[in-house]
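First the structure, in the form of structure tokens, and then the observations on it.
The values are calculated or read from the model by the stated rules, or taken from the named source; none is laboratory data. Here the structure is a predicted model, which means the values were calculated and not measured. We place every Cβ from the backbone using ideal geometry, glycine too, and count neighbours over all the protein chains shown. Just so you know, the surface numbers come from the protein's heavy atoms only, side chains and all, with ligands and any DNA or RNA stripped out. Shrake-Rupley method; radii C 1.70, N 1.55, O 1.52, S 1.80 Å.
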Amino acid sequence: MNTLTATDTLTLEPPAPAGDDRLAAIARGGQFDAVVHPAVDREDATLEVRDFCLWYGPKKALHHIGMRIPRGKVTALIGPSGCGKSTLLRSVNRINDLLDTVRIEGDMLLNGDSIYAPGVDVIELRKRMGMVFQKPNPFPMSVYENVVYPRRIDGERSRAALAEVCERSLRRAALWDEVKDRLQESAMSLSGGQQQRLCIARAIAAEPEVLLMDEPCSALDPIATNKIENLIDELRGRYTILIVTHNMQQASRTSDYTAFMYLGHLVEYGPTADLFRKPRLRETEDYITGRFG
Amino acid sequence: MSGGRAAPRRERTALFAQGEPMIWLTGGGLALALAMIAGLLALVVVQGSVTLWPGPVTRVELNDGRAVMGEVARSESVGATGGDGPVRRRLFRTGNFELTGEHFQWVADSDIRAESRPEWALVVERTAWGRFYGAPQAFLLDGRAAASDPASAWAMYEQHRLAVQRRLRERQRLESRDIGRVNRRIESARLAVKSAELRHGMGSVPHREAVARFEAVERQGLAEHARLRGRIEALNRENARFQLALATADGWEQAIPLADIVRACAPNRLGLAAKWAVYGSRWLEFLSGAPREANSEGGVFPALFGTALMTVVMSVAVVPFGVMAALYLREYAKAGPLVSLVRIAINNLAGVPSIVFGVFGLGFFCYIVGGWLDRSFFAANLPNPTFGKGGLLWSALTLALLTLPVVIVATEESLAAVPNSMREGSYACGAGKWQTIRRIVLPRALPGILTGTILAMARGAGEVAPLMLVGAVKLAPELPVDAVAPFLHPERSFMHLGFHIFDLGFQSPNSEAARPMVFTVTLLLIALIFLLNLVAVLLRARLKKKFVTGAF
């Protein structure tokens with residue numbers, strides 16, 4: 001796990017003009033230690049990433065990531081395309097396992113339980129997490145069946161229990177009022193934003209410990225995006241949320257903590273307010289202000 | 001020249017850059033394809049639908065004094081001998097085979113002295129000997145003329161026709177159902193003797209008991225036979241009292257028993273509505289009746305039924321296997337050279353000539369599997385094969401093998417078209433692989449799977465070559481489904497529309513009469529397949545609406 005390092009102390013002062021060298025060093029494949037603000041380590045972590053590396057075939061996509069994801073908080077992963085933020089997110093619930101060529105080193109802990117230890121029941125593990133994808137991906141069935149899907153595959157048969165799960169999840173996803181009269185209609189008939197909130201309802205139907213969101217608004221218009229962001233705000237505290245976003249404003253609006261990644265490395269990780277107002281690294285500031293990436 | 005600046009010279013835009021020729025070329029290709037399809041359909045529809053229409057009966061008197069009467073089947077122009085241009089000659093369907101020895105006759109226009117359409121020219125469709133053309137002369141009751149002019153003879157015919165038909169139906173019921181039942185009882189007692197002999201040995205106690213039982217059953221059965229024969233004789237005697245005497249164009253007179261007449265009409269007297277009624281009645285017989293006259297007359301119901309049943313059994317066999325194979329290939333198997341090899345093999349299987357499957361089906365299903373079944377379960381029946389010959393089941397399985405690649409390829413394609421995001425969404429909910437397949441992938445892929453099934457069904461329904469080896473026959477005495485337990489008889493050979501077309505077109509002794517029937521049966525087969533496709537398209541559209549539409 002990465003903690004405060006020598007680099008950290010050096011850059012407590014205003015960013016050094018020669019900061020770009022670090023990104024250049026990463027690009028050359030040099031070793032690099034992330035800058036993690038001490039505030040992160042004071043939080044209670046739901047999820048802990050420990051020295052995690054990942055390869056797609058011969059290509060190394062994640063380099064020794066160490067992160068603690070605070071409980072009940074919203075943590076945003078930002079960084080230019082291809083920096084590995086989605087890969088990291090998809091490693092948390094082991095969706096990447098579906099690809100034949102993926103190989104990993106290191107481990108993650110979910111409330112102290114190893115995720116990657118041999119013999120872990122992946123299906124059981126995934127039930128402890130909910131995931132929302134970039135594009136809304138409702139299943140080809142009714143709204144109702146979509147929401148109760150995680151409970152159905154658990155073998156839940158009771159109508160009352162399922163109906164209760166459906167209503168509670170849809171209410172939490174701020175969708176209940178819009179679809180309560182059309183629960184039996186195909187989920188495909190909803191608008192894009194409604195579909196995405198439906199997917200959120202589905203993700204929280206099984207009461208997960210962590211909610212993973214992979215650019216949940218990138219396929220939505222501004223109004224739908226706004227609704228989703230408000231929803232994330234309401235879910236804060238109840239779930240530990242890890243969200244990947246390309247949108248700096250979204251990260252600053254919705255998240256409590258932000259991690260900046262570059263080419264598979266964690267670069268800087270700290271409270272969102274600090275990271276956006278006074279980042280410790282020049283590179284982070286450049287990225288946030290749009291000077292590169 | 002003026003001093004104005006000339007526009008800069010440009011190369012003219014190349015013809016191919018404008019693309020006009022390509023539009024014409026591709027559009028022309030499409031037009032050609034459409035024209036061919038439309039031509040094919042038009043030919044089959046026109047030829048197929050006029051076959052059963054009651055055309056006018058023409059009587060011509062020839063220069064040599066003979067007279068010919070019949071329906072004009074077709075006409076053609078032939079080079080004249082005298083050198084005064086081509087001469088038209090017409091083919092008359094003259095019938096009256098037992099008198100003239102031929103069903104059709106060519107008549108050149110130059111030989112004709114007079115032509116007329118006699119009001120009382122009657123077309124009689126009979127159960128044997130083909131059609132009879134003649135004018136009603138008298139109605140014979142017990143051999144004596146009860147009416148002796150056309151109108152009153154015809155009236156008496158109309159009066160007695162239905163009663164005769166009713167007695168015929170009763171006779172048929174006695175023959176096929178009641179006598180059949182007695183025969184089956186005797187046969188099963190005989191089989192019991194045979195299997196007691198096989199199991200316990202000749203002369204053992206169970207064998208002797210079975211023999212005694214058989215003798216009792218046989219005695220009883222023979223008595224029953226005699227009783228039924230008596231009733232049939234009585235019906236025959238009653239029917240034989242009624243005869244219609246007809247005079248041919250040549251002046252012959254022929255008395256036809258009413259029991260032999262399937263349908264009689266005088267087309268020249270009929271109005272349009274009456275003609276339509278005859279047309280409809282012929283179509284009804286065509287669709288629901290059994291064939292007569294070496295398949296060139298009567299109906300095709302056994303073939304229609306056999307085709308439909310064989311196709312259904314085939315689909316039941318092929319769809320589960322094809323879908324399972326495709327699921328494994330697409331969802332479980334790791335992509336690699338082996339999977340690619342299997343895929344290539346499947347695609348090659350689709351290209352194997354169908355007769356090869358027929359040979360395989362004959363060798364494997366009929367002889368090996370069927371032979372084993374016969375030895376194991378139907379030993380008492382040997383040397384008569386039960387399953388060890390061509391039959392409906394073996395045909396269906398052979399065609400299932402033939403259409404397996406179609407189902408696999410179509411299913412694989414539709415599985416590949418299911419977005420991965422849906423699978424991921426399901427896995428992220430904690431679903432297992434099979435749960436994801438069953439609840440997400442299969443419903444979404446269902447329209448595509450259905451398309452594959454329909455393609456396979458259409459291919460199977462139209463296939464003929466392998467069926468000739470594994471079970472389709474020219475004339476099946478019994479349907480594969482009847483009221484005798486176990487009701488479905490998959491070991492029976494059956495009739496098939498495709499084979500029926502082949503048989504009519506190339507094997508018929510009366511080829512001129514069979515020719516129009518070829519088109520009619522083809523029309524029916526095309527209609528059947530069109531109907532199948534229509535159902536598939538509608539079903540797919542419904543499923544698509546349910547599962548696939550949406551904003552994303």
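Quick look at the values:
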| read-out | value |
| --- | --- |
| Residues losing 30 Å² or more accessible surface upon assembly, the stretch A:153-195, compared with the chain by itself, 1.4 Å | A:I153, A:M188 |
| Per-residue average of Cβ from other chains inside 10 Å of A:128-138 | 4 |
| Å³ per residue enclosed by the Cα convex hull of the stretch A:180-225 | 90 Å³ |
| Isotropic mean projected area of the C-alpha convex hull, the stretch B:323-382 (nm²) | 6.1 nm² |
| Whole-Hz ³J(HN,Hα) from phi, Karplus 6.51 cos²θ - 1.76 cosθ + 1.60, for the stretch A:44-58, glycine and proline x | 7, 9, 7, 10, 10, 9, 10, 6, 8, 10, 9, 10, 9, x, x |
| Cβ-based charge dipole, chain A, positive-most Cα from A:L62, A:N96, A:V165 | A:V165 |
| Contact order normalised by residue count of chain B, Cα under 8 Å, 6+ apart, percent | 14 percent |
| Fraction of beta bridges assigned by DSSP in chain A that are antiparallel (%, nearest 5) | 55 percent |
| Size-normalised alpha-carbon gyration radius of the protein assembly as shown, reference 2.2 N^0.38 Å | 1.46 |
| Solvent-accessible area per residue for the stretch B:66-116 (1.4 angstrom probe, square angstrom) | 53 Å² |
| Inter-probe distance in nm under a simple model that places probes 7 Å from Cα toward Cβ, at B:S116 and B:A277 | 2.7 nm |
| Viscosity 0.692 mPa s, temperature 37 °C, Stokes-Einstein D of the stretch A:138-207 from Kirkwood C-alpha radius, µm²/s | 285 µm²/s |
| Å² per residue, accessible surface of the stretch A:141-278 at 1.4 Å | 38 Å² |
| Radius ratio Rg over Rh of the stretch B:66-116, counting only Cα atoms, Kirkwood formula for Rh | 1.01 |
| The stretch B:454-552: equivalent-ellipsoid semi-axes (sqrt of 5 x gyration tensor eigenvalues, Cα, Å) | 34, 20, 11 |
| B:A333/A:R171 FRET efficiency (R0 51 Å; Cβ-Cβ; nearest 0.05) | 0.75 |
| Distance in nm between pseudo-label sites at A:S81 and B:A42 (7 Å out along the Cβ direction from Cα) | 5.5 nm |
| Under-5 Å amide H pairs with A:M261, H placed in peptide plane, nonlocal only | A:I78, A:G79, A:V267 |
| Long-range HN-HN contacts of A:T240 with modeled amide H, under 5 Å | A:G72, A:L211 |
| Theoretical gain in end-to-end length, B:R9 to B:A163 [0.36 nm per residue, Cα-Cα removed] | 45.8 nm |
| Estimated [θ] at 222 nm from DSSP helical runs (n ≥ 4, -39500 (n - 2.57)) normalised by residues in chain B, nearest 500 | -18500 deg cm²/dmol |
| Charge dipole of the stretch B:137-244 about the Cα centre (unit charges at C-beta), most positive-ward option of B:Y157, B:L191, B:L222 | B:L191 |
| B:R74/B:D250 FRET efficiency (R0 22 Å; Cβ-Cβ; nearest 0.05) | 0.45 |
| Which listed pairs, of A:K60/A:K278; A:K85/B:K544; B:K389/B:K474; B:K194/B:K474; A:K85/A:K135; A:K127/B:K544, have C-alpha distances above 27 Å, in listed order | A:K60/A:K278; A:K85/B:K544; B:K194/B:K474; A:K127/B:K544 |
| Cα-centre dipole for the stretch A:138-207 with unit charges at Cβ (Lys and Arg positive, Asp and Glu negative), debye to 20 | 80 debye |
| Lysines with Cα under 30 Å of B:K275, excluding same-chain neighbours fewer than 8 positions away | none |
| Dipole of chain B [Lys/Arg +1, Asp/Glu -1 at C-beta], most positive-end residue of B:T451, B:I232, B:L534 | B:T451 |
| Within the accessible area of the stretch B:146-220 (1.4 Å probe), percent carbon and sulfur | 50 percent |
| Theoretical gain in end-to-end length, B:A485 to B:R185 [0.36 nm per residue, Cα-Cα removed] | 106.7 nm |
| Delta accessible area of at least 30 Å² on complex formation, residues of the stretch B:402-449, 1.4 Å probe, chain isolated as reference | B:S421, B:M422, B:E424, B:G425, B:Y427, B:A428, B:C429, B:G430, B:Q435, B:R439, B:I440 |
| Chain lengthening between B:R241 and B:L531 when straightened (0.36 nm per residue, less Cα-Cα) | 99.7 nm |
| In the A-B interface, the accessible area buried, summed over both sides, Å² (probe 1.4 Å) | 2200 Å² |
| Dipole in debye (nearest 20) - the protein assembly as shown, about Cα centre, beta carbon charges: Lys, Arg +1; Asp, Glu -1 | 920 debye |
| Stokes-Einstein D for chain A, Kirkwood Rh over Cα pairs, 20 °C, 1.002 mPa s (µm²/s) | 108 µm²/s |
| Label-to-label distance, nm, for residues given as A:Q184 and B:I23 (7 Å Cα→Cβ offset) | 5.1 nm |
| Rg/Rg_ref, chain B, where Rg_ref = 2.2 N^0.38 Å and atoms are Cα | 1.33 |
| 5 angstrom amide H check on B:V72, placed H, neighbours 5+ away | B:T58, B:R93 |
| Hydrodynamic radius (Kirkwood) for the stretch B:301-547, which is based on Cα pairs only, to one decimal in Å | 19.8 Å |
| Cut-off 18 Å (backbone N to label point 7 Å along Cα→Cβ of B:T127), residues of the stretch B:223-258 | B:228-245, B:255-258 |
| Antiparallel DSSP beta bridges within the protein assembly as shown, as percent of all bridges there, nearest 5 | 75 percent |
| Span-like helix ranges in chain B, DSSP H, alpha carbon extent 27 angstrom or more, Kyte mean at least 1.6 | B:20-50, B:301-327, B:392-416 |
| For the stretch A:23-75, alpha-carbon Rg over 2.2 N^0.38 Å | 1.36 |
